[in-house]
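Peer 1: Okay, handing you the structure first.
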């Protein structure tokens with residue numbers, strides 16, 4: 001269950017960024033999840049919901065954006081979104097949508113990235 005360590009890493013990064021910007025509250029966090037990140041989004045969302053309790057993130061809206069898999073095909077030179085057979089969550093098959101080749105290079109879609117953090121700062125009176 002590596003979702004727990006992923007969630008803790010996300011929370012640590014957000015809190016560190018918020019605190020370094022003198023935030024009093026985090027209102028929203030946008031997280032990009034690559035299709036091949038090997039993370040269950042529902043589990044990650046649940047764990048984040050538990051771990052943010054009693055933190056500066058407690059009332060933040062967590063937004064997930066799915067990042068598609070982008071490839072270069074070595075057989076037909078296709079560049080773009082891949083076909084993914086992810087029936088097996090732990091070993092998805094990625095192939096070219098043009099020629100059905102598996103001789104591809106994955107360019108995007110494997111990462112988890114904190115894309116945006118919306119914070120509340122104290123009023124400077």
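Peer 1: Name the residue that is modelled with the lowest pLDDT, counting only residues in the range 95-120 that are part of a strand (DSSP E or B) and over 22 Å from residue 3 (Cβ atoms). Break it down into steps so the answer makes sense when it comes.
Peer 2: From the range 95-120, those part of a strand (DSSP E or B) are 95, 104-108, 112-120; that's our starting set.
Next, from what is left, pick out any that are over 22 Å from residue 3 (Cβ atoms): 95, 104-105, 107, 118-120.
Values: 95: 91, 104: 94, 105: 95, 107: 96, 118: 95, 119: 93, 120: 88.
Across the range 95-120, the extreme among qualifying residues is 120.
Peer 1: Looking at 57, 48, which is the one that is surrounded by 15 or more Cβ atoms within 10 Å (Cβ to Cβ), over 15 Å from residue 112 (Cα atoms) and touching a helix residue (DSSP H, G or I) at 6+ places or on another chain (Cβ under 8 Å)?
Peer 2: Values: 48 fails: over 15 Å from residue 112 (Cα atoms).
Criteria check complete, one pass: 57.
Peer 1: Go through 120, 45 for me and flag whichever is within 17 Å of residue 13 (Cα to Cα) and free of Cβ contacts under 8 Å to residues at least 60 places away in the same chain.
Peer 2: Details: 120 fails: free of Cβ contacts under 8 Å to residues at least 60 places away in the same chain.
Of 120, 45, the one residue that is within 17 Å of residue 13 (Cα to Cα) and free of Cβ contacts under 8 Å to residues at least 60 places away in the same chain is 45.
Peer 1: Right, here's the next one. Could we say that residue 85 is touching a residue at least 24 places away in the same chain (Cβ under 8 Å) and loosely packed, with under 14 Cβ neighbours inside 10 Å here?
Peer 2: On the way: touching a residue at least 24 places away in the same chain (Cβ under 8 Å): no; loosely packed, with under 14 Cβ neighbours inside 10 Å: yes.
Here the answer is no, as residue 85 does not meet what is asked.
Peer 1: Within the range 1-31, which residues are touching a residue at least 60 places away in the same chain (Cβ under 8 Å) and within 14 Å of residue 55 (Cα to Cα)?
Peer 2: Step one: filter the range 1-31 for residues touching a residue at least 60 places away in the same chain (Cβ under 8 Å), giving 6, 10, 13-14, 17-18, 21-31.
Hits for the range 1-31 are 10, 13, 14, 17, 18, 23, 24, 25, 26, 27, 28, 29.
Peer 1: Of all residues in the range 61-90 being in a loop (DSSP other than H, G, I, E, B) and either within 15 Å of the chain's Cα centre (by Cα) or at pLDDT 95 or above (or both), which is nearest to residue 26 (Cα to Cα)?
Peer 2: First, pick out the residues of the range 61-90 that are in a loop (DSSP other than H, G, I, E, B): 68-69, 74-78, 82, 86-90.
Remaining after also requiring either within 15 Å of the chain's Cα centre (by Cα) or at pLDDT 95 or above (or both): 68-69, 74-78.
Values: 68: 27, 69: 30, 74: 44, 75: 47, 76: 46, 77: 44, 78: 41 Å.
Per the stated criteria, the residue is 68.
Peer 1: Something else now. Can you confirm whether the range 3-17 contains a residue that is at pLDDT below 90, farther than 30 Å from residue 123 by Cα, surrounded by 13 or more Cβ atoms within 10 Å (Cβ to Cβ) and in the same structural domain as residue 115 (by TED's automatic domain parsing)?
Peer 2: Within the range 3-17 (the criterion being at pLDDT below 90, farther than 30 Å from residue 123 by Cα, surrounded by 13 or more Cβ atoms within 10 Å (Cβ to Cβ) and in the same structural domain as residue 115 (by TED's automatic domain parsing)), the answer is yes, since at least one residue qualifies.
The values are calculated or read from the model by the stated rules, or taken from the named source; none is laboratory data. If you're wondering where the values come from, they're calculated on a predicted model, not measured in any experiment. Here the Cβ is made from the backbone with ideal geometry for all residues, glycine too, and neighbour counts use every protein chain on show.
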